[in-house]
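The values are calculated or read from the model by the stated rules, or taken from the named source; none is laboratory data. As the structure is a prediction and not an experimental result, all values here were calculated from the model. Here the Cβ positions follow ideal geometry from the backbone for every residue, glycine too, while neighbour counts run over all protein chains shown. Just so you know, the surface numbers come from the protein's heavy atoms only, side chains and all, with ligands and any DNA or RNA stripped out. Shrake-Rupley method; radii C 1.70, N 1.55, O 1.52, S 1.80 Å.
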Amino acid sequence: MLKFDIEKRNGLARVGVIHTPHGDIKTPAFVGAATRATVKALTMQEMRDLGSQAILANTYHLLLAPGTELIKEAGGLAEFSSWHGPTFTDSGGFQIFSLPDVKITENGAKFKSHINGDKFEMTPESSMQAQWAIGADIHMAFDHLAKSENHADMERAMHRTHAWLERCVKEHQCLDAAAGPAKEQYLYAVVQGGVFNDLRAESAKFCASQPVDGFGIGGVFTAKGMDEILKTVNSILPEDKPRHLLGMGQEPIDIFVGAEFGCDTFDCVGPTRMARNGSLYTLDGRINIKNAKYAHDFTPLMPECDCECCKNYNRAYLHHLFKTDEITAKVLASIHNEHFVVSLTDKIRESLLDGTFDSYKSEFLSRYYK
Ligand SMILES: [Zn+2]
């Protein structure tokens with residue numbers, strides 16, 4: 001079993017440490033979205049320097065390129081990418097079910113590569129095999145992500161997700177036995193059910209009944225109503241196993257709500273995607289650095305920030321780099337945005353430890369969303 005120590009609790013929120021084969025993750029923690037085994041525009045050293053503790057890569061993307069067997073040959077994701085720290089893989093379900101011509105059967109999903117049109121079939125078994133080859137510390141079960149507001153559609157997808165979870169567990173156990181005791185890789189079940197509280201509760205109960213190491217909470221959320229769903233789900237999931245909120249964390253409020261209602265780790269491509277477009281976090285909300293009003297602004301992007309970008313460069317310079325489409329614009333902006341969400345999550349952790357979470361949350365959010 002994956003070792004997870006809880007140091008402190010505050011309602012559903014908890015402060016803990018996940019002990020992975022590649023090192024510890026102090027939670028709550030924001031995990032870097034390294035979709036293709038890289039966080040876009042950032043080197044792994046830059047990720048370490050900005051305080052990142054773990055990365056999450058995507059099985060679908062790595063399956064298409066460079067192929068999971070090549071990553072296995074390199075010694076696994078942490079070694080291949082020179083990250084060397086804790087790693088997660090998402091199952092690829094989210095990407096596959098977003099493809100235009102995906103065919104879903106009880107067995108799995110048939111789809112065409114978005115790169116060259118090659119045909120693939122992903123099943124619970126093949127997703128587990130791919131994730132074992134990629135060799136991340138923590139894997140996500142292959143789930144059926146439905147994007148529907150219809151209760152019956154979501155219920156069908158949830159039951160399929162549960163049937164697939166049982167197959168994922170079986171295959172994971174086979175691969176674990178074959179790998180021997182020297183190799184440790186862990187499996188999270190994924191709770192589905194969309195925006196429906198009754199389905200989320202049913203899914204959490206089913207996932208909790210399975211011999212897994214932790215839980216992903218997946219599916220399409222709107223930030224509104226997320227607190228209710230997380231309250232439902234995390235009141236049911238066993239307390240002693242870690243929980244990852246999949247794909248959420250673009251908005252600071254998502255991280256506050258996620259941590260408050262019992263999630264331990266988060267990942268989201270939003271912060272670096274927005275950075276590449278010049279949309280940058282500050283304590284007073286996000287600004288678009290391409291805006292003309294920053295052309296003569298020689299102050300740091302965010303004076304309170306200690307990232308490489310804010311310590312060394314001013315807004316006018318960043319504005320110039322974006323206007324002239326310099327690659328460095330994307331690098332510096334990504335360093336700042338990723339550091340912002342990583343350090344925000346670290347500060348939430350500290351505030352839970354010293355009992356100031358509620359005041360930190362209200363101060364931060366009232367200024368940010370003013
Ligand atoms: Zn900064």
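In segment 72-85, what residues are out of contact with any strand residue (DSSP E or B) (no Cβ under 9 Å at 6 or more places or on another chain) and either surrounded by 13 or more Cβ atoms within 10 Å (Cβ to Cβ) or without any contact (Cβ under 8 Å) to a residue 40 or more places away in the chain (or both)? Walk me through how you get there before you give the answer.
Here is the first cut: in segment 72-85, the ones out of contact with any strand residue (DSSP E or B) (no Cβ under 9 Å at 6 or more places or on another chain) are 72-75, 79-80, 82.
The answer is Lys72, Glu73, Ala74, Glu79, Phe80, Ser82.
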>> Just to check your reading of the model, which residue among Phe120, Phe88, Phe94 is of a type in the set (Phe, Trp, Tyr) and free of Cβ contacts under 8 Å to residues at least 60 places away in the same chain?
In response: Phe120
>> Here's a check for you: in segment 293-314, which residue that is in contact with a Phe, Trp or Tyr (Cβ under 9 Å, 6 or more places away or on another chain) and either aliphatic (A, V, I, L, M) or free of Cβ contacts under 8 Å to residues at least 24 places away in the same chain (or both) is farthest from Ser334 (Cα to Cα)?
In response: Phe298
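Quick one: is Lys311 part of a helix (DSSP H, G or I), within 9 Å of the ligand (Cβ to nearest atom), modelled with pLDDT of 95 or more and loosely packed, with under 13 Cβ neighbours inside 10 Å? Give the derivation first.
Details: part of a helix (DSSP H, G or I): yes; within 9 Å of the ligand (Cβ to nearest atom): yes; modelled with pLDDT of 95 or more: yes; loosely packed, with under 13 Cβ neighbours inside 10 Å: yes.
Judged against the criteria, Lys311 is a match.
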> Limited to segment 327-368, what total is found for residues that are touching a residue at least 24 places away in the same chain (Cβ under 8 Å), open to solvent by 60 Å² or more (accessible area, probe 1.4 Å) and within 16 Å of the ligand (Cβ to nearest atom)?
Replying inline: 1
> All but one of (1) open to solvent by 30 Å² or more (accessible area, probe 1.4 Å); (2) touching a strand residue (DSSP E or B) at 6+ places or on another chain (Cβ under 8 Å) hold for Met122; which doesn't?
Replying inline: (1)
> Out of the residues in segment 215-246 that are at pLDDT below 95 and more than 24 Å from Ser366 (Cα to Cα), which is surrounded by the fewest Cβ atoms within 10 Å (Cβ to Cβ)?
Replying inline: Val220
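For the subset of segment 165-209 comprising residues that are assigned to a loop (DSSP other than H, G, I, E, B) and within 20 Å of the chain's Cα centre (by Cα), which member is surrounded by the most Cβ atoms within 10 Å (Cβ to Cβ)? So that I can check it myself, show each step before the final result.
Taking segment 165-209 first, the residues assigned to a loop (DSSP other than H, G, I, E, B) are 180-185, 192-196, 209.
Subsequent filtering for residues that are within 20 Å of the chain's Cα centre (by Cα) retains 185, 192-195.
Working: Gln185: 24, Gln192: 32, Gly193: 27, Gly194: 25, Val195: 19.
The selected residue is Gln192.
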> List pairs: first in segment 20-42 and farther than 22 Å from Leu352 by Cα, second of a type in the set (Phe, Trp, Tyr), Cβ under 7 Å, 6+ apart or cross-chain?
Replying inline: Ala37/Phe80
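Being without any contact (Cβ under 8 Å) to a residue 60 or more places away in the chain and under 16 Å from Phe206 (Cβ atoms) is true for just one of Ala152, Ala163, Ala178, Ala182. Which residue is that? Don't jump to the end; show me each part of the working.
Values: Ala152 fails: under 16 Å from Phe206 (Cβ atoms); Ala178 fails: under 16 Å from Phe206 (Cβ atoms); Ala182 fails: under 16 Å from Phe206 (Cβ atoms).
Only one candidate passes the filter, namely Ala163.
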> Looking only at segment 115-142, which residues are within 16 Å of the chain's Cα centre (by Cα) and at pLDDT below 95?
Replying inline: none
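Residues checked against (1) hydroxyl-bearing (Ser, Thr, Tyr); (2) surrounded by fewer than 22 Cβ atoms within 10 Å (Cβ to Cβ); (3) within 13 Å of the ligand (Cβ to nearest atom); (4) not in a helix (DSSP H, G or I):
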{"residue": "Ala275", "(1), (2), (3), (4)": "no, no, yes, no"}
{"residue": "Lys290", "(1), (2), (3), (4)": "no, yes, no, yes"}
{"residue": "Asp297", "(1), (2), (3), (4)": "no, yes, no, yes"}
{"residue": "Glu304", "(1), (2), (3), (4)": "no, yes, yes, yes"}
{"residue": "Leu318", "(1), (2), (3), (4)": "no, no, yes, no"}
{"residue": "Asp325", "(1), (2), (3), (4)": "no, yes, no, yes"}
> From the set of residues in segment 10-24 that are farther than 14 Å from Lys241 by Cβ and either modelled with pLDDT under 95 or in contact with a strand residue (DSSP E or B) (Cβ under 9 Å, 6 or more places away or on another chain) (or both), which is most open to solvent (accessible area, probe 1.4 Å)?
Replying inline: Asp24
